[in-house]
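K.L.:
Mind looking over this structure? Questions follow.
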Amino acid sequence: MEAGRVTTGAVLWRAYNMLQLAVGLVWTAAWITLALLLRPLSGPQARLPLRMASRCWGPGLLLLAGARLEVEGADNVDWSRPCLLVANHQSIFDICALFRAVPVPLRFLLKEEMKRVPFVGWYARATGMLFIVRDNARAGALFRRQAAAVLEGGQSLCLFPEGTRSRSGEVGPFKGGSLQAAIDAGVAVVPVALQGAGRVLPAEGFFQARPGIIRVAFGKPIPVREDGVPVRRQVLADRARDVVLAMLKARD
C-alpha cells in the first residue's frame, strides 16, 4: 500500500508539473508577444519590455512554481550607476529571480543557442541581450567589447561566470575573461549569491518543479581599480566568487 501511495503521489506530481509547464509556456509566449508589440514604443534602451519581465513575467513563473523570493543586500548597491552583476548558477529560475530582485532594467549574457528558441530568442534580441559562443576565443573578445559598450552606455548587465548551470550545487570556478568588460568600462562588479533555485527547478531532468524559497543576496560592489591600476580579471573573478561563497555559507 505504501509503495502504491508513493507511486500515485509521484504520478500526480508529474501531471501537475506538466500542467505547470504548459501554463508557463503560454504565460511566457503571451508576455513576450506583448513586449515585442510594445518594443517600438520603448526607445533604444527597451526599458518597458525589460520592466515587463521583472514585474510580470518573472514573478508569474515563480508564483506558478510555488517559489517564494527573498532578497537581501540590495541596499549595498547604488543602482543609479551601471554595474556588472556576477552570480552563481543552478537553474533557469535564477533569471526569473534576478529579473525580480534587481530594481533596474537588467540584461543578461546568454549562450548563442538561445537565439534559436522561439519567443525567448526573439525577446532577447529585441531587448539587447548579449550572446556568446562558449569556448570560442574570438567570440569571447567580441562579447567583451559588446558588454563594455552596454556598461558604458549606463546599463547594468548580469552574467554567470561559471559558464553553465551547476548540477551538484557546488559553485564552480569563475572565469576571469567574462569580467574584463567591467574593467574596460570602469564599472564595479557586484557579486550575487543565488540559493534555492536549484531545488525549486533542478538542472537535471525534465521540468521537475517543487515549491521552495529562492534567496538572492547582493554583496558589496568590488572596484575594478586599485590605486589607479586595473585589477587583473582573474583576481577580480576570484574575489567575486569568494564573496558569493561567503554569502551562501552564511545562510547554510
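Bear in mind that the values in this text are calculations on the coordinates, not laboratory data. What you see is a predicted model, and the numbers here were worked out from it, not measured in a lab. Methodologically, a virtual Cβ is constructed for each residue, glycine included, from the backbone with ideal geometry; neighbour enumeration extends over all protein chains shown.
K.L.:
Given that just one value was derived from the coordinates, which of (i) 17.3, 53; (ii) 17.0, 56; (iii) 18.6, 71 is Rg and Dmax of the Cα atoms in Å?
P.N.:
(iii)
K.L.:
State the Cα centre-to-centre distance between the stretch 92-135 and the stretch 151-226 in whole Å.
P.N.:
Measuring centre to centre over Cα atoms gives 13 Å.
K.L.:
What's the extension gain from A141 to K111 if we count 0.36 nm per residue and subtract their Cα-Cα distance?
P.N.:
9.3 nm
K.L.:
List the relative contact order of the chain as a percent without decimals, with contacts defined as Cα pairs under 8 Å and 6+ residues apart.
P.N.:
24
K.L.:
Of the chain, which part is the longest with no GluC sites (Glu not before Pro) in a loop (DSSP not H, G, I, E, B) and with at most 13 other C-beta atoms within 10 angstrom?
P.N.:
After excluding every exposed loop site, the longest remaining stretch is 1-169.
K.L.:
Arrange the following residues from fewest to most other Cβ atoms within 10 Å of their Cβ: D75, D184, D242, D94.
P.N.:
D75, D242, D184, D94
K.L.:
Positive end of the dipole of the chain, charges at C-beta (+1 Lys, Arg; -1 Asp, Glu), about the Cα centre: which of V235, G43, Q208 has its Cα farthest in that direction?
P.N.:
G43
K.L.:
I want the local charge near F160. Using Cβ-Cβ distances under 12 Å, sum +1 for each Lys or Arg and -1 for each Asp or Glu among the other residues.
P.N.:
Summing Lys/Arg as +1 and Asp/Glu as -1 gives +3.
K.L.:
Let's see if you can work this out: charge +1 on each Lys and Arg Cβ, -1 on each Asp and Glu Cβ, no other charges. What is the dipole magnitude of the stretch 2-251 about its Cα centre, in debye to the nearest 20?
P.N.:
For the stretch 2-251, the charge dipole is close to 400 debye.
K.L.:
Using r as the Cβ-Cβ distance of W79 and A15, and R0 as 51 Å, what FRET efficiency do you calculate, to the nearest 0.05?
P.N.:
Using R0 = 51 Å, I get an efficiency of 0.75.
K.L.:
Then there's this: Farthest toward the dipole's positive end in the chain, which of G196, L85, V23, given Cβ charges of +1 (Lys, Arg) and -1 (Asp, Glu) about the Cα centre?
P.N.:
Among G196, L85, V23, the one farthest towards the positive end of the dipole of the chain is V23.
K.L.:
Loop only by DSSP, 13 or fewer other Cβ within 10 Å of the Cβ. Give me the chymotrypsin sites (Phe, Trp or Tyr not before Pro) in the stretch 166-245 that pass, ordered by residue number.
P.N.:
Counting only loop positions with at most 13 other Cβ atoms within 10 Å, the chymotrypsin sites (Phe, Trp or Tyr not before Pro) in the stretch 166-245 are F206.
K.L.:
Ratio of alpha-carbon Rg to the 2.2 N^0.38 Å globular estimate for the stretch 147-252, to two decimals, please.
P.N.:
Ratio of Cα Rg to 2.2 N^0.38 Å: 1.17.
K.L.:
Right, here's the next one. Fewest first, what order do K249, K115 take by the number of other Cβ atoms within 10 Å?
P.N.:
Lowest count first: K249, K115.
K.L.:
Give me the extension gain from K249 to Q208: residue separation times 0.36 nm, minus the current Cα-Cα distance, reported in nm with one decimal.
P.N.:
Between K249 and Q208, full extension yields 12.2 nm more.
K.L.:
Can you give the helix-only mean residue ellipticity at 222 nm for the chain, where every DSSP H stretch with n ≥ 4 adds -39500 (n - 2.57) and the sum goes over all residues, rounded to the nearest 500 deg cm²/dmol?
P.N.:
Dividing the helical sum by the residues of the chain leaves -14000 deg cm²/dmol.
K.L.:
What does the net charge come to around A65 if you take all other residues with beta carbon closer than 14 Å to its beta carbon, with K and R at +1 and D and E at -1?
P.N.:
+3
K.L.:
Between L36, L159, L98, which gets the highest mean-square fluctuation from a Gaussian network model of the chain, Cα cutoff 10 Å?
P.N.:
L36
K.L.:
Summing +1 for each Lys or Arg and -1 for each Asp or Glu, what net charge is found among the other residues whose Cβ lies under 10 Å from the Cβ of F99?
P.N.:
+2
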